[in-house]
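Down below is the structure, laid out as structure tokens.
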Amino acid sequence: MSKSIFKLTAIAVSLVAFVLPTAALSASKPVTSAEVTGSMPDKLSVSNANVFNRLLKKVNDPNAAPDKDGIHDTANEGTHALQAPKVAYEGLPTTEFGNHIDWVQALNSGKLDPRYDREDPEVEPFVMDLDIVRPVKASVPDVVFPHKPHTQWLHCSNCHPKIFIPQRNTNQINMSAILLGKKCGVCHGKVAFPPTTKSCKKCHSKPKDADWTPPLSNATVKNPWR
Amino acid sequence: MKALTEHSSVWKMALFGLLVWVGVLSAPQQAQAEYADVVINNYADAAGMRPVVFPHWYHRIRFRCKVCHADLGFKFKAGGNKITMAKIIDGKFCGACHNGEISWSVENCGMCHSGIPGTPTHISGSTVQRLVAPAYKELDKKAQ
């Protein structure tokens, strides 16, 4: 008899011991959740885990001020007197490469009006609107060279006849030459927008005809088993 | 432990390699200078002056390419114009505008001669530099 009473009390004690903490937990739960909802914004997507720079991309400031850009000497007084690019770029249309400014669009939209003459701000540029289509052997779109934006900035003598001979089928241009600073690369890749994977389409802008097929390579043409 | 002591030279090499690797990774990144900023150091260093930093972006906001590259005769080549202070004072090259009338005059040395001493002539951010000679900056920093 006494054994059974002992068993019962043991069960009762264990029950109490089991129930009490859970009760305490359940009582404390609403408090904690309220705290959480109180401290966080109403619509939290998941967490801030994706804020982490998971591709480990280099974080660099494309338009750093002169005293932070790494080529100006900070010990020099004049460095701190220079204008910062961001101040001058305020309101200009942006791109993803070069200065991160679309200079041609800035000019066309009237946000910029640089002088065409050293002294006289009234001189108008000699603009020629002539598009030259250059077929490309590879399967990328053909190149359309617009004279208009180029003559808005430059003078004919800047390119002709030294860099580009003004005659059909005389200028052999390829991307290697451009990337190494020849032909278009005299400016594009140094000052004008650079050839990057994001800017291909700025020049290669005319899609091939629907029936266009790539030319067969010599190895294929001369293959006797073909 | 025996293996460690036996092949100590190998371990030393491995440690050295690791150190170099960590050093290269943690070295300061390449300059973030504005695209097309030209550093001109033909004669400046030898004359005890800081090299000139020419900000293309600043000038193209105010003038079209034609003004300098057609009218004033600047060649499309960094350091290819052999500009000297004598020519500038005579009103050639930079001196055509930097004469106190269109822009500040030549007595403001530090405004143009503002580059880090020892920086070679180059165009910052240029494709050629990134493809052909990407490491010159780091080499220079190690030498200091």
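The values are calculated or read from the model by the stated rules, or taken from the named source; none is laboratory data. None of the values given here were measured: they were computed from a predicted structure. Glycine also receives a Cβ, built like all others from the backbone with ideal geometry; neighbour counts cover every protein chain displayed. Just so you know, the surface numbers come from the protein's heavy atoms only, side chains and all, with ligands and any DNA or RNA stripped out. Shrake-Rupley method; radii C 1.70, N 1.55, O 1.52, S 1.80 Å.
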Based only on Cα atoms, what mean projected area does the convex hull of segment A:69-127 have, in nm²? 6.0 nm²
Just add up the charged neighbours of A:K86: K/R +1, D/E -1, any other residue whose Cβ is under 14 Å from the Cβ of A:K86. -4
Taking every residue in A:179-187, how many Cβ atoms of other protein chains lie within 10 Å of its Cβ, on average? 3
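Tell me the net charge near A:D73. Cut-off is 13 Å between Cβ atoms, A:D73 excluded, with +1 for each Lys or Arg and -1 for each Asp or Glu. Could the numbers behind the result be given before it?
Details: positive: A:K68, B:R50; negative: A:D67, A:D69, A:E77, B:D45.
Taking every Cβ under 13 Å from that of A:D73, the sum is -2.
Take peptide A:79-91, look around each residue's Cβ out to 10 angstrom, count Cβ atoms belonging to other protein chains, and average those counts. List each step's numbers first, then the result.
Working: counts 7, 2, 5, 7, 4, 1, 8, 1, 0, 5, 3, 0, 0.
Mean inter-chain Cβ contacts per residue within 10 Å come to 3.
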Enter the buried accessible area of the B/A pair, total of both sides, probe 1.4 Å, in Å² rounded to the nearest 100. 4400 Å²
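Pairs A:K148/A:K206; A:K190/B:K66; A:K183/B:K75; A:K137/A:K201; A:K137/A:K208: which exceed 21 Å Cα-Cα?
Details: A:K148/A:K206 17 Å; A:K190/B:K66 16 Å; A:K183/B:K75 14 Å; A:K137/A:K201 16 Å; A:K137/A:K208 10 Å.
From A:K148/A:K206; A:K190/B:K66; A:K183/B:K75; A:K137/A:K201; A:K137/A:K208, over 21 Å: none.
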Using a 10 Å cut-off on Cβ to Cβ distances, tally the other chain neighbours for every residue of B:33-45 and report the average as a whole number. 4
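Nearest 0.05, what FRET efficiency do A:A138 and B:K75 give at R0 = 22 Å with Cβ-Cβ as r?
On the way: r = 32 Å, r/R0 = 1.46.
For A:A138 and B:K75, the calculated efficiency is 0.10.
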Two-decimal ratio, segment A:92-209, of alpha-carbon radius of gyration to 2.2 N^0.38 Å: 1.12
Backbone N under 20 Å from the B:I102 label point (7 Å along Cα→Cβ), restricted to segment A:140-176: A:151-159
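Beta carbons within 10 angstrom, averaged per residue: use that to sort the peptides A:97-109, B:96-108, highest first. Before the final figure, lay out each step's value.
Details: A:97-109: 19.2, B:96-108: 14.2.
Packing order, densest peptide first, comes out as A:97-109, B:96-108.
Using a Förster distance of 41 Å, how high is the FRET efficiency between A:L130 and A:E77, based on the Cβ-Cβ distance and rounded to 0.05?
Numbers: r = 49 Å, r/R0 = 1.18.
Once the sixth-power term is evaluated, E becomes 0.25.
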Taking r as the C-beta separation of B:T121 and B:M85 and R0 as 22 Å, the FRET efficiency to the nearest 0.05 is 0.85
When ranked by the protection proxy of mean other Cβ atoms within 10 Å per residue, highest first, what sequence do the peptides B:70-80, A:46-56 form? B:70-80, A:46-56
Over the Cα atoms of segment B:38-143, what radius of gyration and what Dmax do you get, in Å? 14.4, 43
